[in-house]
1. Hey, can you tell me all the residues within the range 69-83 that are assigned to a helix (DSSP H, G or I) and of a type outside the set (Val, Ile, Thr)?
2. So is Arg42 at pLDDT 90 or above, in contact with an Asp or Glu (Cβ under 7 Å, 6 or more places away or on another chain) and assigned to a strand (DSSP E or B) or not?
3. Count, please, the residues in the range 49-79 that happen to be under 13 Å from Gly37 (Cα atoms) and of a type in the set (Gly, Ala, Ser).
4. What are the residues in the range 37-77 that are surrounded by 13 or more Cβ atoms within 10 Å (Cβ to Cβ), charged (D, E, K, R) and over 15 Å from Ala12 (Cα atoms), if any?
5. I need every pair where a residue in the range 6-32 that is basic (Lys, Arg) has its Cβ under 7 Å from the Cβ of a residue that is part of a helix (DSSP H, G or I) and at pLDDT 95 or above, sequence separation at least 6 or different chains.
6. Residues in the range 16-30: is at least one surrounded by fewer than 14 Cβ atoms within 10 Å (Cβ to Cβ) and among the hydrophobic types (A, V, I, L, M, F, W, C)?
7. Restricting attention to the range 46-68, does a residue exist that is assigned to a helix (DSSP H, G or I) and at negative phi?
8. Within the range 84-98, identify whether any single residue is part of a strand (DSSP E or B), among the hydrophobic types (A, V, I, L, M, F, W, C) and at negative phi, and answer yes or no.
Amino acid sequence: MKVQVHSIHFDADIKLKNFIQKKLDKLDTFYNRLVDGEVFLRLNNEGIENKTVEIKLRVPGSMLFATEKARSFEAATDMATDAIRMQLKKFKTKIKNGRA
């Protein structure tokens, strides 16, 4: 799956981009018709949990979205991919039952 990583107001290193790509590639095991994805990384000026990760994932006929804040981009990515995984399971169930 093709994933675009956008780091807003800073430059993300290649390790972080590879980590995000690897995490999102694992989502193919839950639903193999993923079209593409976009990830937005932001630094906030509010408290300890100042790193935000937003994931937009395109599937045929719909768009899944999750946003999470944490102390590190890796932790926020883990939480956001967990949220997307739950949405994918729900989406797959809807398709299987013919409601989508």
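1. Answer for the range 69-83, where residues must be assigned to a helix (DSSP H, G or I) and of a type outside the set (Val, Ile, Thr): Phe73, Glu74, Ala75, Ala76, Asp78, Met79, Ala80, Asp82, Ala83.
2. no
3. Matching residues across the range 49-79 total 2.
4. Of everything in the range 37-77, those that are surrounded by 13 or more Cβ atoms within 10 Å (Cβ to Cβ), charged (D, E, K, R) and over 15 Å from Ala12 (Cα atoms) turn out to be Glu49, Lys56, Arg58, Glu68, Lys69.
5. Lys23/Thr77; Lys23/Thr81
6. no
7. No, the conditions are met nowhere in the range 46-68.
8. no
The values are calculated or read from the model by the stated rules, or taken from the named source; none is laboratory data. Just so it is clear, the model here is predicted, and its values are computed rather than measured. Glycine also receives a Cβ, built like all others from the backbone with ideal geometry; neighbour counts cover every protein chain displayed.
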